[in-house]
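Worksheet for the structure shown next.
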Amino acid sequence: MNNINSKENRIHSCDIKPFSYYKCIIPDHFNCVPMHWHSEFEINYIREGSAEFICGEEKFTSSKGDIIITQPNVLHSIYPGVNAGQVYDTLVFSHEIFGSSNSDRYISECIRPLINGSMKIRTHITPEHHYYPELEIIAENIFACAKGNSPQLDMLMRSELIRLFWLLETEAETAPELCRADSIIRPALEYIAEHFNENITVSQLAASVHLSESYFMNRFRKHVGLSAVEYISHFRIDKACKGLIGTKKNVLEIAFECGFHNISNFNRQFRRIIGCSPTEYRNKITLSLSTAEPQS
């Protein structure tokens, strides 16, 4: 059994470089970002297009120029809109980038509450926001530093991140206690991520959070944006996409590893969600990666 869960296992930061930068294109690079969480902060800067975001209790459609900030351990997902795609920059960074001394009052009073969730800053910043002109410049500077990837630019990035959060904390709010939805959805997502290559039923998911099937299905759709069955399909196809890109395994082997025990059903679901066959997807992404300029 795969020992994974929807707390993201990817390591985005280390002691000498507490951040990771990604240039992302949905659905060309990957079909979606399934609901998950991680212990780092995340900033998405939308360059083109739009997508459907869920961040905690918030659901919205992104647009060009939007800045989207996710605090640590907040459930979040990104799905492409109907006949739409999105190009965006992502920075995932550890709170260590702000400094690690708990005796520093700015860490204890301004940063720590953002980490533990007791203080909430704005998630979705649009061009209509009153601070947007300044926030846009800061975002451009942050991602220019991330792409430049040098110790000197790391220093400038840190100052720009501090400036960004200083502005956003001028309108921060005290966050509510852990919501009921979080206690329902998070264990169900963990169950799916651990058992995705097995047969999963709604009754099993409902039992994992000690709820009736009907109540669980309603809450899951409300807070995830998809039915549990549809989410499982997207999760499996996302795993299949990673297998097609990251391994040389054949399509049949990948399908079975991702919980599909009928290759016809796998091909049908893959085409429905991704828009092409698994082989076409692998060839397209391989070609795209081979011709793309390398990121430093």
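Residue-wise HN-Hα couplings along the stretch 122-131, as the Karplus relation 6.51 cos²θ - 1.76 cosθ + 1.60 with θ = phi - 60° gives them from phi, are 4, 8, 10, 10, 10, x, 7, 5, 5, 9 Hz; Gly and Pro carry x. Count Lys and Arg as plus one, Asp and Glu as minus one, and take only other residues whose Cβ is under 9 Å from that of Ile121; the net charge is then -1.
Modelled spin-label separation between Val87 and Ile137, with each label point placed 7 Å from Cα along the Cα-to-Cβ direction: 2.5 nm.
Over all pairs of different C-alpha atoms in the chain, the reciprocal of the mean inverse distance, the Kirkwood hydrodynamic radius, equals 20.4 Å. Counted over all Cα-Cα pairs of the stretch 19-174, pairs farther apart than 18 Å make up 57 percent. Checking the Cα-Cα distances for Lys64/Lys242; Lys120/Lys242; Lys23/Lys242; Lys59/Lys284; Lys59/Lys248 against a 25 Å cut-off, the pairs over it are Lys64/Lys242; Lys120/Lys242; Lys59/Lys284; Lys59/Lys248. Of all the Cα-Cα pairs you can form in the stretch 96-174, what percent are over 22 Å apart? Summing the P(r) tail past 22 Å for the stretch 96-174 gives 31 percent. Coupling constants for the stretch 35-46 follow from the phi torsions by the Karplus curve (6.51 cos²θ - 1.76 cosθ + 1.60, θ = phi - 60°), and in residue order they are 3, 7, 8, 8, 7, 9, 6, 9, 10, 10, 10, 7 Hz; glycine and proline get x. The stretch between Cys276 and Ser100 holds 58.7 nm of extra length on full extension. This uses 0.36 nm per residue minus the Cα-Cα distance.
Average 1/r across all pairs of distinct alpha carbons in the stretch 188-250, invert it, and you get the Kirkwood radius: 12.5 Å. Within the stretch 180-289, all pairs of alpha-carbon atoms sorted by distance into 5 Å bins from zero give the percentages 2, 12, 22, 20, 15, 13, 9, 5, 1, 0. Applied to the stretch 257-268, the Karplus parametrisation 6.51 cos²θ - 1.76 cosθ + 1.60 on θ = phi - 60° returns per-residue 3J(HN,Hα) values of 5, 9, x, 9, 10, 9, 5, 5, 5, 4, 4, 5 Hz, with x for Gly and Pro. Loop-located chymotrypsin sites (Phe, Trp or Tyr not before Pro) across the stretch 65-156 with a Cβ neighbour count of 11 or fewer within 10 Å are lacking, with loop assigned by DSSP.
Readers should treat all values here as calculations from the given coordinates under stated rules, not as data from a laboratory. Keep in mind the model is a prediction, meaning the values are calculated, not measured. No Cβ is skipped: glycine too gets one built from the backbone with ideal geometry, and neighbour counts run over all protein chains shown.
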